[in-house]
Each structure stands twice: as C-alpha cells, then as structure tokens.
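Structure, as structure tokens:
The values are calculated or read from the model by the stated rules, or taken from the named source; none is laboratory data. If you're wondering where the values come from, they're calculated on a predicted model, not measured in any experiment. Cβ coordinates were reconstructed from backbone atoms using ideal geometry, including for glycine residues, and neighbour counts include every protein chain displayed. Note: areas computed on protein heavy atoms with side chains; ligands, DNA, RNA excluded. Shrake-Rupley method; radii C 1.70, N 1.55, O 1.52, S 1.80 Å.
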Amino acid sequence: MGGREGRTVRKSYAVPLGLLGAGAATFGYASVIERNWFRLRRFDVPVLPPGRPSVKILHISDAHLTPGRSRLIHWVRSLDALEPDLVVNTGDTLSHRDAIGPFLDALGPLLDRPGVFVYGSNDLYSPVFKNPLRYLWRTSRSDYKKRRREPDLPYRELGSSLQAAGWLDLNNRIGRLKVGELDVEFGGIDDSHINRDRYDRIAGPVDPRADVHLGIMHSPEPRNLDRFTADGYDLLLAGHTHGGQVCVPFYGALATNCGIDRPRVKGLHRHRGSWLHVSAGLGTSPTAPIRFCCPPEASLLTLVPR
C-alpha cells in the first residue's frame, strides 16, 4: 500500500494512538507523580477569645495506608518539625490489615503531642474495586448497605494504639484537652457514610467555660454540620472527600462523595456560624491510586483571636 491511500490509513491511526498516548501519560502523572506530591496547606482561623494565645493544629486525614507507602510515611513523620500543639486525624487511616504499625511509624514523635481521632469507613472495611465513574451520580454510601458484613480491618487495634499514646477517641463522644494554654472542648462523631454517627449522644450546647470548641467528623454531611453549628462549635474538621481526587482545571472537583457542595470540597470555609475545614487527604484507595489537579495534603491551622 502506498501513495495517498497509505497516507490516509496512517492518519486514521494517528488520532486514536495520540489520544491513547495522552491518556497513558496523564494516568502515569496522576498515579506516580501527583499522588506522591505532598503539600502542606496553612490557614489562620479566627475563633479564639480576644487576648488568648494562638495554637497550631495539624489536620491529617484519609491516609488509606498500605505498608508500602514509604514516601507518605516519611512525609507525615517530617510534619513534627512544624511543632503543632494538637494533631487531629479525621479517619480513613487504613487500607490494609498490616498498616497500623506503618501508620504509628509515620506519626512518630507526633504521638507525643496531644491528639484526637475519629474513624472513617475504610478503617473498618478493606477497599474493593468499583467503577470510579459512579461517583459522578451517586456516593459510595450504598455500597456498605449492600455488603452488610462484619468489619475486616483492625480498627479497634488502631484506636487502642492511639489511645495508648494519650489521644482522645471522639467517635460519638465529647472530650476535653489542654492544648498549649487553652482549654479545648471537643465533640466528635463516627462515620456518617456508613451510618455509625450518633450525634444525639453528644448533642447539647457547648461548655462556655472552654476557650474554644472543635467538632470532629470524617464525612462533612450538612445535617451534622448544622447540628454542630447550632450547639456552638467554633471550628469543624472533616475529611473523606479527597478534595474530589480528580479535578478539572478552572472547574474543580467533579464529585464530593457526600452531601457537601463542590465549592467546599476542600479547604477553609464558613458553615453558618462556624468555620469548616475539609482536608483533601493524604492518600487514595489502592483500587483507585490516582490524583489529578488535587495533590495529597495535610493542613496546619493556626487558631487566632477573633
């Protein structure tokens, strides 16, 4: 085959091959480069009474850790150099039965600092493959209703290990800690994504004697955000969304995987009378190991006077 006919055939293959090559390059970038391109985000949050000293909160979430994620482990361990006054972990820490030891190693000296935690669904249930395009029209919440199985990840052992270091378990509980010079009251709930949240157990006005009040959850569902705000919590901390995980330039996240609106899928925003910080998280499920225009992150929140 030669001449004009041959050139036509070659052109007919050029476009699909070019698209295939571009897709492979994009997947390679999203799975190898951006997925390991960790960022630290910093915010000042004006929630303290006038004259009170500022404190630093390190917010981590959604590590989805497997034993082989050495870059993630080393990067998290380096965050102790920030000298946070408090560490908050908003769940989805595990993605493997053998990940507790690596996670404790990642925290390292951070475990010696005051800390609090709640669980996410993937602390209880190991990841399974699902079509990621389904997130465009539904959340993954119904997947857990269909399974109806016992948890197969060692979430209780994770909680016991963190509590042994002095961290507060805030799954449907209220707690109190001295953080720097501040008296901090916490209210926390278990993961609403798998119907383990029991806000009624912590419901009621915050203690006005505390300097600041923090609401801790995994998934930022508006119905719970509204109740935290109505009870007087100053700052609400959540994760779960992965910031959308795959974002489109100049548009943002395609989905949130919960009831929060897309503009607040990550970062610091207002929710009625409270501040809300949603972490885009540190990791991804092993069954969907990509990030695009949404690098993994931790956040340093500095609480300052109003």
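Which numbered condition trips up T256, out of (1) more than 24 Å from V87 (Cβ to Cβ); (2) surrounded by fewer than 23 Cβ atoms within 10 Å (Cβ to Cβ)?
Going through the list (1) more than 24 Å from V87 (Cβ to Cβ); (2) surrounded by fewer than 23 Cβ atoms within 10 Å (Cβ to Cβ), T256 breaks only (2).
Is one or more of the residues making up region 17-38 crowded, with 16+ Cβ neighbours inside 10 Å, at pLDDT 95 or above and in contact with a Ser or Thr (Cβ under 8 Å, 6 or more places away or on another chain)?
No, that holds for no residue.
Give the number of residues within region 205-226 that are touching a Pro at 6+ places or on another chain (Cβ under 9 Å) and in a loop (DSSP other than H, G, I, E, B). Step through it out loud before you land on a result.
Step one: of region 205-226, the residues touching a Pro at 6+ places or on another chain (Cβ under 9 Å) are 211-212.
Retained after the next criterion (residues that are in a loop (DSSP other than H, G, I, E, B)): 211.
Within region 205-226, residues that are touching a Pro at 6+ places or on another chain (Cβ under 9 Å) and in a loop (DSSP other than H, G, I, E, B) number 1.
Inspect all residues belonging to region 260-267 and state whether any of them is among the aliphatic types (A, V, I, L, M) and either in contact with a Leu (Cβ under 6 Å, 6 or more places away or on another chain) or in contact (Cβ under 8 Å) with a residue 60 or more places away in the chain (or both).
Within region 260-267, not a single residue is among the aliphatic types (A, V, I, L, M) and either in contact with a Leu (Cβ under 6 Å, 6 or more places away or on another chain) or in contact (Cβ under 8 Å) with a residue 60 or more places away in the chain (or both).
V246 fails exactly one of the following numbered conditions: (1) more than 30 Å from F292 (Cα to Cα); (2) open to solvent by 10 Å² or more (accessible area, probe 1.4 Å); (3) in contact with a strand residue (DSSP E or B) (Cβ under 8 Å, 6 or more places away or on another chain); (4) of a type outside the set (D, E). What is the number of that condition?
Here V246 clears every test but (1).
Search region 216-231 for residues being free of Cβ contacts under 8 Å to residues at least 40 places away in the same chain and open to solvent by less than 30 Å² (accessible area, probe 1.4 Å), and hand back the single one that is farthest from S121 (Cα to Cα).
Top of the filtered list is N224.
Residues that are hydroxyl-bearing (S, T, Y) and over 13 Å from the mean Cα position of the chain (by Cα): find the strands (runs of 3 or more DSSP E) completely inside region 37-125 holding 3 or more of those.
Working: elements: 39-48, 55-60, 86-89, 115-117.
Fully inside region 37-125 and qualifying: nothing.
Pull up region 261-276, narrow it to residues that are in a loop (DSSP other than H, G, I, E, B) and of a type in the set (D, E, K, R), then point me to the one that is farthest from R227 (Cα to Cα).
Taking region 261-276 and keeping what is in a loop (DSSP other than H, G, I, E, B), we get 261, 265-266, 272-273.
Of the ones still in play, those that are also of a type in the set (D, E, K, R) are 261, 266, 272.
Numbers: D261: 17, K266: 20, R272: 11 Å.
In this case the residue turns out to be K266.
Anything in region 277-306 that is more than 20 Å from R71 (Cβ to Cβ) and either in a loop (DSSP other than H, G, I, E, B) or among the polar types (S, T, N, Q) (or both)? List them, or say none. Steps first, please.
Step one: filter region 277-306 for residues more than 20 Å from R71 (Cβ to Cβ), giving 277-278, 301-306.
Correct list: T302, R306.
For region 178-204, what are the residues that are open to solvent by 40 Å² or more (accessible area, probe 1.4 Å) and among the polar types (S, T, N, Q)?
Matches in region 178-204: N195 only.
Any chance region 282-305 includes a residue that's of a type in the set (S, T, N, Q), buried (at least 17 other Cβ atoms within 10 Å of the Cβ) and touching a Gly at 6+ places or on another chain (Cβ under 8 Å)?
Looking through region 282-305, none of the residues is of a type in the set (S, T, N, Q), buried (at least 17 other Cβ atoms within 10 Å of the Cβ) and touching a Gly at 6+ places or on another chain (Cβ under 8 Å).
So, in region 211-243, of the ones that are in contact with a strand residue (DSSP E or B) (Cβ under 7 Å, 6 or more places away or on another chain) and of a type in the set (S, T, N, Q), which residue ends up farthest from E34 (Cα to Cα)?
Filtering first and then ranking leaves T229.
For S219, are the conditions met, namely being within 19 Å of P114 (Cβ to Cβ) and of a type in the set (G, A, S)? Give the derivation first.
On the way: within 19 Å of P114 (Cβ to Cβ): no; of a type in the set (G, A, S): yes.
Criteria not met by S219.
Name the residue that is modelled with the lowest pLDDT, counting only residues in region 142-154 that are open to solvent by less than 60 Å² (accessible area, probe 1.4 Å) and within 19 Å of T287 (Cβ to Cβ).
Let us first name the residues in region 142-154 that are open to solvent by less than 60 Å² (accessible area, probe 1.4 Å), namely 142-144, 147, 151-154.
Now restrict to residues that are within 19 Å of T287 (Cβ to Cβ): 142-144, 147, 151-153.
Details: S142: 57, D143: 60, Y144: 58, R147: 54, P151: 94, D152: 95, L153: 97.
Looking at residues that are open to solvent by less than 60 Å² (accessible area, probe 1.4 Å) and within 19 Å of T287 (Cβ to Cβ), I get R147.
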